[in-house]
1. Can you tell me which residue among Glu127, Glu153, Glu137, Glu170 is acidic (Asp, Glu) and closer than 25 Å to Ile63 by Cα?
2. Could you check how many residues of region 138-149 are of a type outside the set (Ser, Thr, Tyr) and at pLDDT below 95?
3. Based on what the data block shows, is Thr138 within 16 Å of Glu104 (Cα to Cα), polar (S, T, N, Q) and out of contact with any Ser or Thr (no Cβ under 9 Å at 6 or more places or on another chain)?
4. In this structure, does Ser97 turn out to be within 20 Å of Asp181 (Cα to Cα), surrounded by 12 or more Cβ atoms within 10 Å (Cβ to Cβ) and touching a residue at least 40 places away in the same chain (Cβ under 8 Å)?
5. Out of the residues in region 141-165 that are assigned to a loop (DSSP other than H, G, I, E, B) and either aromatic (Phe, Trp, Tyr) or in contact with a strand residue (DSSP E or B) (Cβ under 6 Å, 6 or more places away or on another chain) (or both), which is surrounded by the most Cβ atoms within 10 Å (Cβ to Cβ)?
6. Out of everything in region 30-74 that is among the acidic types (Asp, Glu) and in a strand (DSSP E or B), what residue ends up being surrounded by the most Cβ atoms within 10 Å (Cβ to Cβ)?
7. Would you please list the contacts, defined by Cβ atoms under 8 Å and residues six or more apart or on different chains, that run from a residue in region 134-155 that is over 21 Å from Ser179 (Cα atoms) to a residue that is aliphatic (A, V, I, L, M) and surrounded by fewer than 17 Cβ atoms within 10 Å (Cβ to Cβ)?
8. Condition first: assigned to a helix (DSSP H, G or I) and among the small types (Gly, Ala, Ser). Now tell me which residues in region 15-29 satisfy that.
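The values are calculated or read from the model by the stated rules, or taken from the named source; none is laboratory data. From a predicted model like this one, the values you see are computed outputs, not experimental measurements. With ideal geometry, Cβ positions are generated from the backbone for all residues, glycine too; neighbour counts draw on all protein chains shown.
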Amino acid sequence: MSNEDQTKKPSEMNPDELPGVKAFEDEFTRGFLQSTEETRPGYYHFLSGTGKYKMDFPKDGTIGEQGYALKDKDYEGIFIGVDAGEIKSAITLNYYSTDEKGREDLKLDMINDRINQELDYDKFTSENSTLYLSYFETEMYYGYAGFLQNEAENGGIRIINQTECVASKEKCDAIKAESIDVMKEIIKSIQFTVQSNESE
């Protein structure tokens, strides 16, 4: 492969050159993927339409064009459907550039209202962000809800990742723990991009 081919984004490549997975087969989703190289097995480099955050994107995931909304770099709403056979997930991400530090409780209350539960959040801190994350279950779904606050500048992401198992109860019970770990790792891979002229 030439140097020119290696610098091409997946959206600019011939479909025959792309990995044979759902994420690249969907034209709209392909526009967000930055490389055909995996970030880790089964995941690819996703960059949001605002350019404000990135994440590991699952190979079985597609972004719903009808459910996508973008307003400059101020707001972005994304719905990701992940169809991994017996496990079907829906990931909803809502980015707001105006979310300020110190108002996290208000954001978490809004998420609680959407889930219709009073959730108990764990707090994870990294170099430039803080993640509030809680597991939840409903009659039909289980998953994680969370809020990621940018600590370097204003900006926050409200996250809901919910899963339904469509296999037999016995099989669902057997694979539930693994699917819960998968959901958590996807959320924890979300990172704000560094907005500066300095190289990392």
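1. Exactly one of Glu127, Glu153, Glu137, Glu170 is acidic (Asp, Glu) and closer than 25 Å to Ile63 by Cα, namely Glu137.
2. Of the residues in region 138-149, 2 are of a type outside the set (Ser, Thr, Tyr) and at pLDDT below 95.
3. For Thr138, the condition - within 16 Å of Glu104 (Cα to Cα), polar (S, T, N, Q) and out of contact with any Ser or Thr (no Cβ under 9 Å at 6 or more places or on another chain) - is not met.
4. No: the conditions fail for Ser97.
5. The extreme case among them is Tyr141.
6. Restricting to residues being among the acidic types (Asp, Glu) and in a strand (DSSP E or B), the top hit is Asp56.
7. Ala152/Val194
8. Residue satisfying the conditions is Ala23 alone.
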